[in-house]
Each structure stands twice: as structure tokens, then as C-alpha cells.
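Read-outs throughout are calculated quantities, based only on the coordinates presented, and are distinct from any laboratory measurement. The model shown is predicted, which means the values in this text are computed figures rather than measured ones. Note: ideal-geometry Cβ built from the backbone for every residue, glycine included; neighbour counts use all protein chains shown.
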Amino acid sequence: MPGTISHPLFLTFPAWNMYMDPWHDARWIGTGRPSRRIGIRKAKHATGSRPAPMLRREFTVAGPVQSATLHICGLGYHDAWLNSRHVGDHVLDPAQTDYESRVFYAVHDVTGFVRGGQNCLGIMLGNGWYNQDRVWGKQGLSYGQPCLKCALHVASTTGTTQVITSDEAWKWAPGPVRENNIYAGEIYDARHEQPGWDAPGFDATGWKRARVVTGPAGKLEPQPLPPMRRIEEMVPKAISSTSDGACIVDFGQNFAGWVKVQLDSQVPAGTRITMRFAETVAADGRLDTGSTGVFATRVEQVDTYIAKGEGTETWEPRFTYHGFRYVEVTGWPGELHPRNIAGVVVHTDLPTAGSFTCSDERLNRLHQMALWTHRSNIHGIPEDCPARERCGWLGDANMVAEFSMWNFQARSFWEKYLDDIETTRARNRGIPANIAPGKRGTRGNANPDWAAAFIMLPWHVYVHHGDPAVLQQHWAGMNDLMAHYRRMAMNGWILQDGFGDWFDPGAPGIVKHTPPSLTSTLWFYRCARVMMDVARVLQCPGLAEKYAGWSERIKAAVIAAYYKPGPSGTGTFGSQTANAMALAFGLVPDGEASSIVTSLVDDIIQHQVHVTTGIMGIRYLFEVLSEQQHGDIALALMRQDTYPGFGDLIARGATTLWECWGEPEHDRVHGPRSLNHPMMGGFDNWFYTSLAGIRPDPARPGFQHFFLAPCAIDGLEWVTCWHDTPKGRIASEWRRTGTALEWTVQVPPGTTATITLPLSKQKQELGPGIHHLVDKPVESLVPCE
């Protein structure tokens, strides 16, 4: 036709060539519209109010299909359909990165989707993190408008392959997702649906031609970690009504995801149903959105569905997620029943790698709370909370990484996050920022205690998985960070800056019990010791000697500045956190370990068996107490029912770990605190390393050799625990039988274990297999018949 441009529908070439370059001539395409500086619900400075575009491409396949593979990157998020069938089970794809450094794509096997003859590929694009500057309000957070790059490889039985790529032959139209923002939610108007738009033969009159656009500067890479998925659906525990006619749905559990709604019968077209999300309700039963961060983000989490008026309608969002337990529903036609609404749990789908249960229901509940909290905060990055900031704070990540590795097959997740930290180094003259990835909070160097994650995380990955490649990959940056520490410390070896033991009891953000200079310098010491070990692994003896020397100087400086010898063998670094960290890191004066332990226990007793720890102390306190034969004190702290204690949080309705210990003063001064915050979850290591007694051997990483030494605390009757390692499953199960203890141990093939019996303290070397042991105080090891 006159005035039209002809585009080839596909390329044809021998099938064996298809893997040489999966993208071929694929281009970044989009609507070509400039950014619109009005955000969701008319927010100042924000992008994202335009409808999410739908893009489609019809193509013809000649002959029978042998295989078909789709390579796709749709930013910020994308959903794909082929011949009206949804492609894959990923949601919120791809995972967040700094899009100026790297961009992930997914690969889907769509062999069963493509047929000989006419076909259609349809893509819907959301803003995601790529086009978000609605929250943290400053312009410049957005990387650009939503865009698409894809290549569909279709191999025929004749030995040729067609490649359908993103180019200007595609067409687009605004879709039913009228607005979407990762923080603020989604507005979906079903009246704008176009049935059949993703099928061949659809009348696309009125659709516009896609434009080649400038895509992200980052390198396209295959997504290296598991995708986000719909994990499970939650049934409401209760539905109530407020005086103004709103429905309050309580799912009984704080989690991250969204809700799915179903209209049972036809309602008038244009019926508007609004869902507001929160972690708690006020005393009068109304929704209380304070803890979700409205004071900081200036937005509430709100989804809106506008009905099309055509019988039964089912909907759930696709380009946002929320942190919540409660949902306020307004505009629902008639009575809202549990069958009409379900909670959908959504997070990065990390396979399970461990399990812990014991005879104490408090401990089991705390373990489950920690797991729910962690799962709520893994959406491509380790987040601080799923409702408010959703940022990858380095300090928070450092406190939970080991706990994550015990419970989940999380290697790829943490290696991806380490690469995110590397991208902040590139923006920041070689030093990590406090937050990774993206543009949020990346200006300026990370505080030294938070930056320690960049040294500790590679080490944890190495110890748990045994591959030194992660150390080699980040070795240069780790050395740069140590040099930065040294410059900060000057000649005194003491670091002055730091966030400190964040949210210890009674302190609104600024720590009360432990000087940040002390915790930062303790991390400086710990990092120096780790760098010494890494240098040995990487066969850099000169650097190993250097960092060994640094660690001795830091140790001497800390002892001189902070250690206070006391009467009757009660030396102290001044707080529960300081003493626990010093003992855990091995930074104690010669011969003074028992004095510090005594001071630590005395401090706990003086506080009526309460913690005075924030995120750092809570990570190490319980392990240290158990190692020093005070497991009974650790158990008493876990069982503490009054403030500050875990039981107090449970009594207040907590189903996940909170950002603080529940002080109203925090809420008054800084706004309500998050009720789903993993940074306090480091205590969960104790279940694996102390109660089950499973510990890796850094000298033989990846559990080639490991230690088993359970702490059989009086008051616990049994423990059952397993952990899947690169070598296979380790299991540790013990049970009291009178004065004896029966212990079953599983050692994977190709490994050895050094065990310490919990009552007699006898040691033994075990090889692969399942071993049944009986232990009695001060008696010999007796095989179990």
C-alpha cells in the first residue's frame, strides 16, 4: 500500500546458528512517548500514570515446529502471551538491577505454544523499578519509559530456524492497566480489555506502530537467580466491617504479595473496587497504614479494579506488590465472602535448604516468624521491608545472609546481590554505597559497619558452597574497601562513623547501649581477619601477612579504647552487643574471655533477663552464650514475654519480625516502624549452629568437613534439623531419654564430620552415613542398638 513501510516478519537460517547470538537484530522498542511528569494519583514529580502498553506481533511459521525459545527483556516488568497462552510462571520479571550497568532477560521454552501457520506474540509492559520516581520524589530515579527487547527462535523439523525479533513491525495500544507503581499500586480498568489481542487474526485497527527507542545502557545478561513466582494463596482468617461500610480482611499473617478478587455475579460496568493494604488496624478496627511508611513514601499501597460488567470477573495485579496482613475493601457489591478474596504470596522462589523444629513451641514460632520475614523481603534483592523503603541496605543484608543460606538454596541470590554492590562501587569511586542496587541512596560512601557486607558476604558464600570464584571476583573491591577503612581510621585504627547496633531497645534509631565507633571498629577487625583468610585461599601470602598485622593493631586499639577490666573477673566492653561481638570475633584480651562472659551474663541478669541488643547484637548473642555454656540464658531470653523480648512482640500480634522492639517513642518521633523487617533475624542461625550443632569448617569449605556439637539445653526435650549442602543432606536429631540423650546424625557422601557429644563432651570423627548414638554424662560413647 502507498505510504506504508514493509518489514520482514522473520529471518531464516540453519537451526544450528541460533545460539550464536540469541538477539540477532532485535531492537529496543516502546511507545516512543516522552515521560509524563504526573504520577499515579496525580503525584508531583512522578512518572508512571500512563496506561501500561500492550505490544503485539503476528507472524507465520512454515511447517511443523520442532522447538521454540523466547528470549525476553521487558522493562520495568513484563508479561508475555503466545497465541493467548500465558508464557511461563514468572511474575515481576526481570529482577531489579542498576539498569545502567546490567539488565536481565528470561528464556522460556515455548515449543508447545507455537504452531504451523499464523501465530501472535503479545507483551504487556509495566513500570517496575525501571520507571519509578513516584517515591523518594526526586526526579532522576527513573531510567526511562517501559521498553521491550525480545527474540523468538522457532526451529522447524526441516532444519531451519525463524527468528521473530522486536522491531518497528510491532504494534501497541494502551492496556487495561491504567496506572502502575511498584510502591503505590495498580489501577486496572477491565472495560479497556481487548479480548483476542494476543491471538492471530485480531483486528488491530487503531493500534499504533511501535518505535525503536533508546534502551538501557546496561549489558543484557541471563537472569542468574530464580524468578519471582506466586508461591501460595492465603485464605482470609476473618472479614469484618467498619462503621462507614468498608470491609477489613485479615489474613492472619504479615506477608508480601497481593490479593486476587473474584466477582461471583454480574455487576454494572464501571463498578470500582478499591483495596488498601496495611500491616495492622487501629483500636476501632479501621485500617492503620502508618507502619507501611506513608510518612516517608507519601503514598499508601492501593489497588483498584474497575469492573467490565460481564458476569464472573477474576483479577489480580501484575506490576506491583505490597507488604500487608490486612486489606480494606471498599466498593464491593454486596457481601464480601472468603471465596471472593485470596492473599497471594509472592517472592523470589528460593528452594528450601533447611528445616528446624524442636520441643519448644516458642522457638518454633520464632523460627517461622523469621522465615516469613525473610520470604517477605526477597524480591530480586534482600529488602529491608516490603511495604515502605524496599531497599537493599547492606547492613541489613549482612545480618541475615547466613540465616538465609541455612534455610534456602540462596547462593545465586547472594551472588547477584554482590554484583549489585559492585555496581554501586562503579558509581561511587570504588567504595560501596549503603544501598544496592539502583539510584536510591547510592550517593556517598557506605558507613563502615554497613560496608562490611561487601567483605562478609563473599566469605559466607565461599564457606557454605566451597567455590573460591566468588572471592576472586570481588577481591579487588574488597581490598579497596579495606584501604578505605584504613584511610578513615588514620593512625589510631578506630573508625568513628557508623549506624551502629541499629534499634537497640529504647533508642529511636540512634543506638543507646553501644557506641557506633566500637561496632564499626569491631567490623574492621572482623573484616581484617576474613581478608587474611581470603588472601590465603587466593594464595596471596603477602596480603595475608598484611591483614594479620592490621588485625593485631586494630585489636590492640579496641582493647585500649573500650575494654574496662573489672573486679572479680568481670571485664567488659560495655554492653551486651559489644561483649557478644568481641567474643564471636575473637577480639578479647589474652586470658580475659571468661571475664567478658561473666560480664555478659551479669548484664543480662541485671536487665531481668532482657536483651539490650539491636541488629548486630541479636545476631551473635545466642551463639556466644551457648558456646560459653550458658545456653540456659539464651533459652530464657528467647522465652522472655515482657519488653524488650520476642514474647512481647508476639503478644502484640507480631507474625513477622519488627523493625524495633515495639517502643511507642519510636513511632512518635520517627513515624510508625515497619512490622516486617528481617534485619533482626540473625538469631535464627542459633537454631542450626547451636541447638542442632551444625557448623561449617572454613578450612574445608562447602561442608567437605563440618562440625556437629549440639547444645542440649535443659528445658528442651528434642531437636530435629537438617540442612542440604553441596555434598548432600546433613541431619542432626537428638532426644532426651531419661538421663541419656539419643542422637541421630547424617553425614553426606564424600564428607567427614567431627562430632562433640552434648553431655559427655567426647569427640569423634564420623564418615558418610547415618549414625545412631547414645550419650550419657561422663560415660563412654555407646552405639544405639
Subject >> Mean Cβ count within 10 Å, highest first, over the residues of peptides 371-377, 295-301, 748-754 >> reply: 371-377, 295-301, 748-754
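Dipole size in debye (nearest 20) for the stretch 231-348 around its Cα centre, Lys and Arg Cβ +1, Asp and Glu Cβ -1? Write out the running numbers ahead of the final one.
On the way: 10 positive and 15 negative charges, 38 e Å.
In total the dipole reaches around 180 debye.
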Original post:
Hey, which of these cross-link pairs are over 32 Å Cα-Cα: K727/K761; K512/K727; K546/K727; K149/K416; K237/K308; K512/K761?
Top reply: K512/K727; K546/K727; K512/K761
**OP:** With unit charges on the beta carbon (Lys/Arg positive, Asp/Glu negative), name the residue among P94, G681, W658 whose Cα is farthest towards the positive pole of the charge dipole of the chain.
**Re:** P94
**OP:** May I ask you to sort S291, S243 by Cβ crowding, counting other Cβ atoms within 10 Å and putting the fewest first?
**Re:** S243, S291
Original post:
Which of E627, E279, E665 comes first, and how do the rest follow, when ranked by fewest Cβ neighbours within 10 Å?
Top reply: E665, E627, E279
Original post:
For the chain, with only Lys/Arg (+1) and Asp/Glu (-1) charged at the beta-carbon, what is the dipole magnitude about the Cα centre, in debye rounded to 20?
Top reply: 2460
Subject >> Among C721, P698, P768 the positive-end extreme of the charge dipole of the stretch 673-785 (Cβ point charges) >> reply: P698
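What order, most packed first, do the peptides 64-70, 157-163, 190-196, 608-614 have when packing is the mean number of other Cβ atoms within 10 Å of each residue?
The peptides rank, most packed first, as 608-614, 64-70, 157-163, 190-196.
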Original post:
Summing +1 for each Lys or Arg and -1 for each Asp or Glu, what net charge is found among the other residues whose Cβ lies under 11 Å from the Cβ of W734?
Top reply: -2
Subject >> Fewest-first ranking of M490, M531, using other Cβ atoms within 10 Å as the exposure measure >> reply: M490, M531
**OP:** Measure out, as a whole number of angstrom, how far apart the alpha-carbon centroids of the stretch 606-653 and the stretch 235-263 sit.
**Re:** 34
Original post:
Between S240 and A282, what is the spin-label point distance in nm, taking each point 7 Å from the Cα along the Cα→C-beta axis?
Top reply: 1.4
Subject >> Dipole of the stretch 224-297 [Lys/Arg +1, Asp/Glu -1 at C-beta], most positive-end residue of W258, A278, T292 >> reply: W258
